[in-house]
Structures are given as C-alpha cells and as structure tokens.
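Q: Take a look at the following structure, please.
Where a number appears in this text, it was derived from the coordinates with a stated rule and is not lab data. The model shown is predicted, which means the values in this text are computed figures rather than measured ones. Glycine also receives a Cβ, built like all others from the backbone with ideal geometry; neighbour counts cover every protein chain displayed.
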Amino acid sequence: MKRKTILITGVIILLLVVGTFLTIHYYPKNDSFSRISFLKLNIPLGGEAISNVKITNYKETEQVFALSFSNLEGIVSLSETEFALEVGEKKEVEIYFKDTKNEAGIYLGQLIIEVGSVIEKIPVVLEIYDPNYAFAIIYNEILKYDSVYPGGKWGTEIEVYDMGNIASPTVTGTYYITNFDNEVLFSDQEDFTLEGSKSILVDIPKTWDKGYYVFVTEIDYKGTKSIASSLLNVGKKTESGLLSGDIKFLAVVLLVFVLGILALFIYFINILLLVVRYEKIAKTY
C-alpha cells in the first residue's frame, strides 16, 4: 500500500511540474506594459491619416510614459507625448500623419516609448502613394522562405499589373531592403512582365541584426511612381521538420503527461477492482 501511495504521489508531482513548466514556457509573458508590435499606414499624396497606440500599465506601480518618433519629423505628431498610468490603467494615444513632402515613397521611422530605464522602439512604415499610379504591385509569400534569419534566404513572388493601359509588355522596376535607420542594405533591378510574376530571392547576410526590415519595390513611369512594401522580421533560425525545436520538446512533455494520466487511470482501476473484490468477499460472510 505504501508503494502505491508513493507511486500516485510521484505521478501527481510530475504532472504538476510538467503543467507549471508548460505554463511558464509557452504562456505569453506580460511585460510591464502592452503596446503594438509595428505600425503600417498608406496615405495618398497630400493626404492625412489618424492611427493610435493603446498602452496598458501591467506593472504593480504607477509608471510615467514618454513617447516620441525618429526619422519622421514633419510628417507625424502625437496627441500626447508624456503621461502617467496607474496600475492596470489604459491609455489610447492618437497618432497623426500628414504628407508634407508631396512625394510618393516609403517613409520609415520608429515610435519610441520610454518608461524609466526601459526603451521600446516600434517600427513604423508610412507609404505615401500617387493616386494616379500606373502599376499595382502585389507580393505573394514563398512558404519555403518564410523563416528569415541571418545567413539564410528570403523570397517573395512579385506580380505587376497594368493600371494605365501601358503598351509595353514589360516594365523595369527597382527593389531594395532597408532598415529603420533608412540605410539601404540591398538593392537590384528587374524587368517585370505585366500580368505575370517573378520570384525574387535575397541572401540575408550573417552580419544582419535580428529585427524588422522593409522590402520595397518601386516602378517609375513617366513621372509617376508605383510602390509597394513588405515587412521582414529577421529572427532566430528554426529547424525544419515536424519534430524540431520546441515542437520536439513539447512532444516529449506531452508523452510524459499522457503516461502519467495512464498510470493514474490504471491505479484507480486497480483500486476499484479491489473494492469490488472486498465487497464480494464481505457478502460471502
């Protein structure tokens, strides 16, 4: 009986440990405050737009937040740049965008949130487009290259559609990758077949830092610029296959969990059989 008690106690402890580890390892961890991961807007030449960022204070004390922007001077402004939030309090700050440059293009910057010694930088992509653009540029993800990491490859399929009855069957376009300090890290040029598609593969240097980058395609035609952009998140290399990395670990943990449940089930069945057996014995006396 002591062995069975030790067995069931051990199984229960194992299940508790596994459950706790799974919760810590896989359940999203709350930071001291919440915010968006990135912001992307499209506005026409000379246009305006309003967006917002919602911030919640998760820390168990009041926090003072300071907000500012980098690389978007004269284009963006905030409804508030500094405020305090009590524990659990939420705040929605409006962001105003206005085209003051009157030039189609991709404008990159960062929303900087400072809370004490913590500084968070949120990527911002502002696409200012010409309403009279001649071409629609469409990106289609290539699943084989959806995991982007330093030393790997990134790929996309680009489709170009004629929006202005262009006579030529092909058009020349430029594409490049830039970071949020507005440094062009890679660029090239291609002839695109209208109504067709072209696969673009880019080698990601091992020297690139992990984080967000932007892939941009531009086509200039008779003074009109057609543009499109796509966000790249360069991160950690993930192994291929069904049982790899965290998935392999999770499979092992789940197997242990199932075996623990099975052991408990068998134990309680044995207890039930013993009870039935003792009841039968008792009735014979």
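Q: Most exposed first by the Cβ proxy, i.e. fewest other Cβ within 10 Å, how do Lys98, Lys236 rank?
A: Final ranking by Cβ density, sparse to dense: Lys236, Lys98.
Q: Using a Cα-Cα cut-off of under 19 Å, which aspartates and glutamates could be cross-linked to Lys237, ignoring same-chain neighbours fewer than 8 residues away?
A: Glu141, Asp146, Asp203, Asp209, Asp246
Q: Quick check: residue separation of Ser79 and Ile142 times 0.36 nm, minus the Cα distance between them. What number comes out in nm?
A: That works out to 18.7 nm of additional length.
Q: What is the distance, in nm, between label points placed 7 Å from the Cα along the Cα-to-Cβ direction at Leu45 and at Asn165?
A: Taking the two extended label points, one gets 2.1 nm.
Q: Across the stretch 143-158, in residue order, what do the Karplus-derived ³J(HN,Hα) couplings come to in whole Hz, using 6.51 cos²θ - 1.76 cosθ + 1.60 with θ = phi - 60° and x for Gly and Pro?
A: In residue order, the calculated couplings are 4, 4, 10, 6, 8, 9, 8, x, x, x, 10, 10, x, 8, 9, 9 Hz.
Q: Sticking with this structure for a sec: When a footprinting reagent is the concern and you count Cβ atoms within 10 Å, what order do Ser168, Ser229 take, fewest first?
A: If I rank by nearby Cβ atoms, fewest first, I get Ser168, Ser229.
Q: What residues have an amide H closer than 5 Å to that of Val148, excluding those fewer than 5 places away on the same chain, when H is modeled at 1.01 Å from N in the peptide plane?
A: Result for Val148 returns Gly235.
Q: So if I average 1/r over every pair of distinct C-alpha atoms in the stretch 132-238 and take the inverse, what Kirkwood radius in Å does that give?
A: Details: mean 1/r = 0.0689 Å⁻¹.
Value: 14.5 Å, from the Cα pair sum.
Q: Counting pairs on different chains as well as pairs 8 or more places apart, how many Lys pairs in the stretch 70-215 have Cα atoms under 17 Å apart?
A: 6
Q: Using label points projected 7 Å from each Cα along Cα→Cβ, tell me how many nm separate Ser197 and Thr224, to one decimal.
A: Result: 2.5 nm between the two label points.
Q: Now a separate question. Output wanted: per-residue J couplings in Hz (rounded whole) for the stretch 107-115, from phi through Karplus 6.51 cos²θ - 1.76 cosθ + 1.60, θ = phi - 60°, x for Gly and Pro.
A: For the stretch 107-115, the Karplus-derived couplings read 10, 10, x, 9, 8, 9, 10, 10, 10 Hz, x marking Gly and Pro.
Q: Net charge around Leu45, counting only other residues with Cβ within less than 14 Å of its Cβ (Lys, Arg = +1; Asp, Glu = -1)? Working shown, then result.
A: Working: positive: Lys98, Lys101, Lys225; negative: Glu48, Asp99, Glu103, Glu127, Asp130.
Here the charged neighbours net out to -2.
Q: Considering only the other residues whose Cβ falls under 11 Å of the Cβ of Ser229, what net charge follows from Lys and Arg at +1 and Asp and Glu at -1? It would help to have the intermediate numbers written out before the result.
A: Working: positive: Lys40; negative: Glu127, Glu218.
Computed value for this residue: -1.
Q: Tell me the label-point distance for the pair Val184, Asn52, using the 7 Å Cα-to-Cβ offset, in nm and rounded to one decimal.
A: Modelled inter-label distance: 3.8 nm.
Q: Apply the Kirkwood formula to the stretch 31-129: the hydrodynamic radius equals the inverse of the mean of 1/r over all pairs of different alpha-carbon atoms; give it in Å with one decimal. Please report the intermediate quantities before stating the final value.
A: Details: mean 1/r = 0.0711 Å⁻¹.
Final number for the Kirkwood radius of the stretch 31-129 is 14.1 Å.
Q: If you take every residue apart from Leu194 with its C-beta less than 10 Å away from the C-beta of Leu194, what net charge results, scoring Lys and Arg +1 and Asp and Glu -1?
A: Details: positive: none; negative: Glu159, Asp162, Glu195.
Value of the local net charge: -3.
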